[in-house]
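Quick note: the coordinates plus some simple rules give every number you see, no bench work behind them. Predicted model, so just to flag it, every value in this text is computed and none were measured. Note: ideal-geometry Cβ built from the backbone for every residue, glycine included; neighbour counts use all protein chains shown.
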Amino acid sequence: MIPNRWYIVLESRQVANRPVGVMRLNEKLVFWRDAAGRVVCLRDRCVHRGAQLSIGAVVDHHLQCPFHGLEYDHTGGVTLIPAHGRQTPLPAGFSVQCYPTYEAHGLIWMWWGEHPLDELPPPRFFDNLDDTMPYGSFQSLWATHYSRAIENQLDVAHLPFVHYNTIGRGGQTLVDGPGFTWDGEDKFSVQLYNRKDDGSLPRKPTELPPPDPHRPHLEFIFPNLWQLYIAPPMRILVAFVPVDHDHTLMSVRAYNAFVRIPVLQQLLTWSTVQYSKKIVRQDQRVVITQEPRISGLHIGEHLFQADMPILEYRRKRQQLLEAERTLETMNDRSDQAR
């Protein structure tokens, strides 16, 4: 995983009045809400005897350990050791790792890094997606690294084969381009130009028309958020939630605002979700077989022109990983010099 990034890890509805324990980014974490309703994320291990805090309770807006009643505040610091009484000064070092969180659009992000900035910028979201649009959602656990799951959603050449009887119907096996555009340092879009093979050569990206934000396209925001723009009232949103190195939780939303009549809207949303589930199962069947498990620039694969979005993703991911390694090395040398 790329350190020092905002990762979508949960939906807002999953964190209510009780602590929620999950595995995310290869760590056991606990999420809960403080007195202000803010989401708090701590490492799910009591500093005292290592019990899981997530099986405890929220007491007086603090997280209480189920083993000996130690209470933690929103910073991860212990505020009470019952065995010492309320008047005894707390010993030094009684705290657990706390991760900054951000909540918006019904989603919860966590900042995964050892040294977060003093003033973290909010995570980026799609500015063309209206929060008022109705949607249905579901989750699917894949036995694969999140980088492989992401690349599958950037793969425009697999559609007529993996999805031959759903979104890939029509046998459009020839891929023009695809079109590709960066939007800042952490977001890009992919324009789809698939067609039937008529004997002509696929057009190169430079031969394609300018990007059209109103026609179907893909958008991706690093490190783990993707959108399929089908039409203004119809989108598919996926957060590729890293569970550990071998599992990814696909958190999917199917937006559909073609009708506004409540009963018809519910029926349309339900059918869109069922169709999306079928598509996800078709992808999952293939992606979980890929080797090596983790994607990268030099893993022995031979890519072709249609794989340009995947190659761009790999290049950027490698760049971000190398930048973090360089920063970590500089920090280590600075610490040694002291």
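For the reader, a short list of remarks on this structure follows.
- Among 81-88, 238-245, sorting by the average number of other beta carbon atoms lying within 10 angstrom of each residue, highest first, gives 238-245, 81-88.
- Charged neighbours of GLN172, selected by a Cβ distance under 13 Å, balance to 0 (K, R count +1; D, E count -1).
- Mean Kyte hydropathy of -1.0 or more with a Cα span along the axis of at least 18 Å, helices from DSSP in the chain: 262-287
- Site pair HIS158 and ARG86 shows an inter-label distance of 5.7 nm when each label is modelled 7 Å from Cα along Cα→Cβ.
- Mean Cβ count within 10 Å, highest first, over the residues of peptides 143-150, 193-200: 143-150, 193-200
- Each of GLY177, LEU90, PHE138 was placed along the dipole of the chain (beta-carbon charges, centred on the mean Cα), and the one lying farthest toward the positive end is PHE138.
- Bridging of LYS204 to lysines at a Cα separation below 26 Å is possible for LYS187, LYS196, LYS316, once same-chain residues fewer than 8 apart are set aside.
- Between the C-alpha center of the stretch 56-102 and that of the stretch 111-190 there is a gap of 39 Å.
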